Ligand SMILES: *[C@@H]1O[C@H](CO)[C@@H](O)[C@H](O)[C@H]1NC(C)=O
């Protein structure tokens, strides 16, 4: 019995060492200054539900296999093509039968927009991966899923747009210095818009997460060339940050997973600092992210089924940003634009943008003057 002590201790040490190796390069980032937090824009009128350019076009039913699905896809494609041409676009398409649609193959199309450092080879970059689903539930008829997840998609478009100029500046400065080839240097970001999250009839293993399941499986099988730093695209995901059911007033977004609690704490800290600096518009009863002090012993298995599942199952680190308890309008026809709380939506867009900037270590390129800030 005692003979097992040493190997176990050794095993633990080895795990710890590995853990440090994997985690440290990412947590070594510098917090954004107050000045920088001040410059983070909220998206303002772009989230207007009638005519705002980000959200309004996708406040429509977006059921896979219908015209609304195509309209939503076109909205994303046009936005990135026109405004963020440096982001590489990729489709991940699949088809499946569903219990509601008989023998017909329903198309599911995930969209990925990726911004890597220009110097990286395939399989070399580690990617902050910001995720939301864009499909909407088939029932009740006319359902448009404003919190579920039109608003999160629009928030991610905003994040991409606002971090882009800093990413560009950082890449060009680093290229000029001939840097690259270390984990800190080879950081990129990708926005993943998943299709087919919703069940067509009722939630089961096979009637749900159509897009996420197909993609996680495909990525697991897509080995990078030999000697790549990362084995496959799953391995490149430094953090899978999933936004879902956001946009209602007074949200509570708990910390769900101990292994990524440190990242939750970073975001909670950003929210708290922004509130204290008077940079947020909403006046919730408590912070959106109230769990920064959660103790390790308080973590239990999360039973929330969502797009992270097939990725988490394959070892990808997950930060799940979901209102829990779910919004009052959840899966009701009232989950529409009018029931969104716009100050909350705009605050989320600021918080997530600041989190991404901090993750990407943008203090390195902190703007010296306010003049460059967009609105
Ligand atoms: C994936 O599906 C979309 C939407 O139908 C289509 O526009 C796109 O060309 C497809 N891409 C690939 C690679 O099959």
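Nothing in this text is a laboratory measurement; each read-out follows from the coordinates by a stated rule. What you are looking at is a predicted structure, and each value in this text was computed from that prediction instead of being measured. Note that we place each Cβ from the backbone using ideal geometry, even for glycine, and neighbour counts take in every protein chain shown.
Between 57, 343, 284, the Gaussian network model of the chain with springs among Cα atoms under 10 angstrom shows the greatest mean-square fluctuation at 284.
Distance between the modelled labels on residue 35 and residue 168, one decimal in nanometres: 2.2 nm (7 Å Cα→Cβ projection).
Once Rg and the Kirkwood radius are both taken over the C-alpha atoms of the chain, their ratio Rg/Rh works out to 0.96. Residue 119 to residue 252: FRET efficiency via 1/(1 + (r/R0)^6), r the Cβ-Cβ distance, R0 30 Å, to the nearest 0.05? Efficiency, rounded to the nearest 0.05: 0.10.
Distance between the 7 Å Cα→Cβ label points at residue 103 and residue 332: 4.1 nm.
Among 114, 104, 368, which comes first, second and so on when ranked by fewest other beta-carbon atoms within 10 Å? The order, fewest Cβ neighbours first, is 368, 104, 114. Each of 163, 304 was scored by other Cβ atoms within 10 Å of its Cβ. Arranged with the fewest first, they read 304, 163.
Take the Cα of residue 86, step 7 Å along the line toward its Cβ, and report every residue of region 125-143 whose backbone nitrogen sits under 17 Å from that point. Hits in region 125-143 for residue 86 at 17 Å: 125-128.
In this structure, residue 269 and residue 298 have a Cβ-Cβ separation that, at R0 = 25 Å, corresponds to a calculated FRET efficiency of about 0.85.
DSSP bridge analysis restricted to region 87-206 gives an antiparallel fraction near 65%, rounded to the nearest 5. In terms of surrounding Cβ atoms within a 10 Å radius of their Cβ, 183, 189 rank from fewest to most as 183, 189. Taking 0.36 nm per residue of separation and subtracting the current Cα-Cα distance, fully stretching the chain between residue 222 and residue 51 would add 57.5 nm. Counting only DSSP beta bridges with both residues in the chain, what percent are antiparallel, rounded to the nearest 5? Roughly 45 percent of the beta bridges in the chain run antiparallel, per DSSP. For region 158-221, relative contact order (Cα pairs under 8 Å, six or more residues apart, normalised by length) works out to 19 percent. When the chain is treated as a Gaussian network with alpha carbon springs shorter than 10 Å, the biggest mean-square fluctuation among 245, 128, 177 belongs to 177.
Annotation for residue 179 and residue 364: the two label points, set 7 Å from Cα along the Cα-Cβ direction, are 0.3 nm apart.
Based on C-alpha pairs under 8 angstrom that are at least 6 apart in sequence, the chain has a relative contact order of 24 percent.
Comparing 247, 43, 65 in a Gaussian network model of the chain, where Cα atoms under 10 Å apart are tied by springs, the biggest mean-square fluctuation is seen for 65. Peptide packing: for 233-239, 69-75, the average count of neighbouring Cβ atoms within 10 Å per residue gives the ranking 233-239, 69-75, highest mean first.
Considering only C-alpha atoms, what is the centroid distance from region 162-217 to region 64-81, in Å? Here the answer is 18 Å between Cα centres. Normalising the average separation of contacting C-alpha pairs (under 8 angstrom, six or more residues apart) by the number of residues puts the relative contact order of region 97-171 at 20 percent.
If you average the alpha carbon positions of region 30-59 and of region 243-275, how far apart do those two centres end up, in angstrom? One Cα centre to the other: 17 Å. Here's the picture: a label point sits 7 Å out from the Cα of residue 95 along the beta-carbon direction, and within region 211-247 nothing has its amide nitrogen under 15 Å of it.
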